[in-house]
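Have a look at the structure below, then the notes.
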Amino acid sequence: MNRWSFAAVLALAAAAVLPTPSAQAAPAVDNSIAGITGVGVHNAYVQATFPWLIDALESGASMLELDVWQNFLGSRAYWAGHDPGNANNCSSATTFGALRTGSRNQSFQTCLRNIRLWHDQNPNHAPVILKVEMKNGFDGTNGFGPAQFDTLLTNALGEVRLEVDPRCGELIKDLEEVMFKQDSGVIDKVRDPRRTHASDALGYAVWQLFGDKPKMGEINKRLF
């Protein structure tokens with residue numbers, strides 16, 4: 001046996017004797033905010049960077065930053081811009097198709113409306129973090145603090161107009177269990193006779209307080 005053949009046999013023997021390294025499991029993927037890396041845009045409201053806010057939203061950035069001021073000495077509105085006042089790329093549009101038209105330099109609430117219109121049009125978009133740098137209006141000065149800012153966000157991104165007390169057990173069951181009859185728009189009141197009474201009562205109250213009502217009274221002309 002020559003030396004090359006002997007070396008080959010020795011290598012094969014070593015391979016047969018040495019233990020095979022065990023397969024290691026791939027590390028778990030961390031999809032939390034802390035476990036991912038994304039691209040953020042500082043001052044995403046600047047028109048020289050993005051002519052319209054929708055351009056920033058569609059840029060692929062996973063974080064957009066806006067500077068916000070509270071005009072508590074004047075209109076008490078929230079401004080969006082680098083300095084006090086509205087200087088931004090937010091559109092005055094009220095529909096998604098018009099988000100690259102209209103006037104810019106809008107209030108922060110209008111900027112939120114832009115975001116809501118874009119989100120509603122693209123409900124499956126990748127998560128976007130909106131970083132809000134509060135220049136003022138978050139420390140309770142003149143009555144503006146976290147609660148007032150939360151109210152603004154709620155009103156702009158999806159207003160909550162009705163809050164059900166946890167003690168209203170039957171009403172909660174109605175809201176969770178009442179359904180339409182199959183293949184129809186008619187509420188099923190037969191499936192469970194105990195249901196719909198509390199929600200009907202709520203509907204009457206909401207209509208009485210907030211619904212459109214016909215004008216009633218005397219008129220100075222003949223009806224027929």
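Listing for the model above:
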| read-out | value |
| --- | --- |
| Evaluation of Gly60 against (1) surrounded by 15 or more Cβ atoms within 10 Å (Cβ to Cβ); (2) on the phi > 0 side of the Ramachandran plot (one fails), failing number | (1) |
| Search result, residues across the range 46-60 that are over 16 Å from Ser103 (Cβ atoms), in contact (Cβ under 8 Å) with a residue 60 or more places away in the chain and aliphatic (A, V, I, L, M) | Leu57 |
| Some residue of the range 75-84 being under 23 Å from Gly40 (Cβ atoms) and exposed (fewer than 13 other Cβ atoms within 10 Å of the Cβ) | yes |
| Cβ-Cβ under 7 Å pairs, at least 6 apart or on other chains, the range 167-179 side within 13 Å of Ala201 (Cα to Cα), far side in a helix (DSSP H, G or I) | Glu170/Ala198; Leu171/Ala198; Leu171/Ser199; Leu171/Leu202; Asp174/Ala198; Asp174/Ser199; Leu175/Ser199 |
| Only listed residue being at pLDDT 90 or above, open to solvent by 80 Å² or more (accessible area, probe 1.4 Å), part of a loop (DSSP other than H, G, I, E, B) and not acidic (Asp, Glu), chosen from Ala93, Ala48, Ala28 | Ala48 |
| Lys181 vs. criteria modelled with pLDDT under 80 and over 33 Å from the mean Cα position of the chain (by Cα) | no |
| In the range 55-78, the residues that are aliphatic (A, V, I, L, M) and assigned to a loop (DSSP other than H, G, I, E, B) | Ala61, Leu73, Ala77 |
| Criterion: open to solvent by less than 70 Å² (accessible area, probe 1.4 Å) and not in a loop (DSSP other than H, G, I, E, B) - qualifying residue of Ala156, Ala87 | Ala156 |
| Residue list for the range 116-152, filter: touching a strand residue (DSSP E or B) at 6+ places or on another chain (Cβ under 7 Å) and in a helix (DSSP H, G or I) | Leu152 |
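The values are calculated or read from the model by the stated rules, or taken from the named source; none is laboratory data. Quantities reported herein were computed from a predicted structural model and do not represent experimental measurements. Note that each Cβ is placed from the backbone with ideal geometry, even for glycine, and that neighbours are counted across all protein chains shown. For accessibility, only protein heavy atoms count, side chains too; no ligands or nucleic acids. Shrake-Rupley method; radii C 1.70, N 1.55, O 1.52, S 1.80 Å.
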